[in-house]
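*Asks:* Structure below; questions to follow.
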Amino acid sequence: MMQAKTTSPQDEHPWDRAAQGWNRYSPVVNAWLADVTQAMLAEAKVGPGARVLDVAAGAGGQTLAIARLVGDTGQVWATDISPRILALAQENAAGAGFANVRTQVADAQALGLAGAGFDCAVSRLGLMFCTDPGAALGGIAQALKAGGHFAAVVFSHPQANPCAATLMSTACRHAGRPPPPPFEPGTLFSLGKPGLMAELLRSAGFASVAVRPVAAPFHLPSARHYLEFVRAAGSPVIEILAQLAPAAQQAAWDDMAAALERFAQPSGWTGPNELLLCSACRPV
């Protein structure tokens, strides 16, 4: 098992800086994504005794779900580009009593696991941050055995995700920069372009490709609770605002809070989200 390397503030990855916040809010994220995670694992055919590759695993919410499904005779190999967040994933697995989880620091676009022969592979909300998702999918295909299954969840297009789109556009406006093109590689909605994920999966050598939208509403007590989560774990928004003075950052967050109030309901706050559930297999 590879251990997370020590990084300095100069060379740490943005997800290293968001690691503690993302880990702290793991229960919130896992509750939000509970249904779609279950569907993703079913599409990937994760079951007892399987060897599963978890790409861009983050703090490991889905990793623990996989470890539970595969049992003592199976194994989960969790990878992430952030050493810090992956170390937290390993701690979470150990704390939950799972001895069947391994971790490896790796860029999803350069996994280096060709020929590993995994039964299944998954990626939950990670692939859209790859500037070369085709390379990531090609590496995943090469890590699977013939007939192995893959499933991923990514964000759909901006219009179907008004909360996240509002955060990004507001942050860019306060930072004095234009918002990125909606499907710019490496950004939140980069894989939401209609037909793109299916095309990328087929180009990577996958067969039996299927992509379908799934609703994933975010239920919280208020918009402020949502922004507290984003401020702790929303790395893309945090990075956009990082160069602003504290007062200017606070003005941006206040602006976001006001804009998100339109999703308030008598019973609480519900932010609409649409994700894409993608599945495929490596041909026999």
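*Asks:* Mind giving me the FRET efficiency for ALA42 and ALA259? R0 is 30 Å, r the Cβ-Cβ distance, nearest 0.05 is fine. Kindly include the intermediate steps, with their values, before the conclusion.
*Replies:* Details: r = 36 Å, r/R0 = 1.19.
Efficiency, from the Cβ-Cβ distance: 0.25.
*Asks:* At 222 nm, what helix-only mean residue ellipticity would the chain give, in deg cm²/dmol to the nearest 500, using -39500 (n - 2.57) for each DSSP H run of four or more?
*Replies:* On the way: 12 runs with 116 residues, N = 284.
My calculation for the chain gives -12000 deg cm²/dmol from helical runs alone.
*Asks:* Within 10 Å, count the other beta carbons around each residue, average over each peptide in 16-23, 63-70, 78-85, and list them highest first.
*Replies:* Working: 16-23: 20.5, 63-70: 22.8, 78-85: 25.1.
Descending mean neighbour count gives 78-85, 63-70, 16-23.
*Asks:* Peptides 224-230, 260-266: what's the order by average Cβ count within 10 Å, highest mean first? Walk me through the numbers before you get to the answer.
*Replies:* Details: 224-230: 18.1, 260-266: 12.6.
Sorting 224-230, 260-266 by mean packing, highest first, produces 224-230, 260-266.
*Asks:* Classify segment 199-253 as rounded, prolate or oblate, taking a ≥ b ≥ c as the square roots of the eigenvalues of its Cα gyration tensor: rounded when a/c is under 1.5, otherwise prolate if a/b is larger than b/c and oblate if not.
*Replies:* It comes out oblate by the Cα gyration axes.
*Asks:* Sticking with this one: Restricting attention to the alpha-carbon atoms of segment 136-281, what are Rg (one decimal) and Dmax (integer), both in Å?
*Replies:* Taking only Cα atoms of segment 136-281, I get Rg and Dmax of 17.6, 55 Å.
*Asks:* Now, a different point. Find which of PRO178, GLN20, CYS120 sits farthest along the positive direction of the dipole of the chain, computed with +1 on the beta-carbon of Lys and Arg, -1 on that of Asp and Glu, about the Cα centre.
*Replies:* Farthest along the dipole direction, towards plus: CYS120.
*Asks:* What does the charge count around GLY58 come to, taking other residues whose C-beta lies under 10 Å from its C-beta (Lys +1, Arg +1, Asp -1, Glu -1)? Intermediate results must be reported in sequence, preceding the final value.
*Replies:* Details: positive: ARG124; negative: ASP54, ASP80.
It works out to a net charge of -1.
*Asks:* According to the Kirkwood expression over distinct Cα-Cα pairs, how big is the hydrodynamic radius of segment 115-162, in Å? Could you put the intermediate results ahead of the total?
*Replies:* Numbers: mean 1/r = 0.0847 Å⁻¹.
After inverting the pairwise mean of 1/r, the radius is 11.8 Å.
*Asks:* Hey, any idea what Rg/Rh is for the chain, computing Rh the Kirkwood way over Cα pairs? Write down the numbers at each step before the final one.
*Replies:* On the way: Rg = 18.4 Å, Rh = 19.2 Å.
Rounded to two decimals, Rg/Rh equals 0.96.
*Asks:* Post the alpha-carbon centroid distance, segment 190-248 to segment 146-188, in whole angstrom.
*Replies:* Segment 190-248 and segment 146-188 have Cα centres separated by 5 Å.
*Asks:* With a bin width of 10 angstrom, please list the P(r) values of segment 61-198 as percents of all Cα-Cα pairs, from the 0 bin to the one holding the largest distance.
*Replies:* Binned Cα distances yield the sequence 11, 35, 33, 17, 4, 0.
Any read-out appearing in this document is the output of simple, stated calculations on the displayed coordinates, not a laboratory observation. Worth saying up front: this structure is predicted, and the values here are computed from it rather than measured. Please note: Cβ atoms are built from the backbone with ideal geometry, for glycine as well, and neighbour counts cover all protein chains shown.
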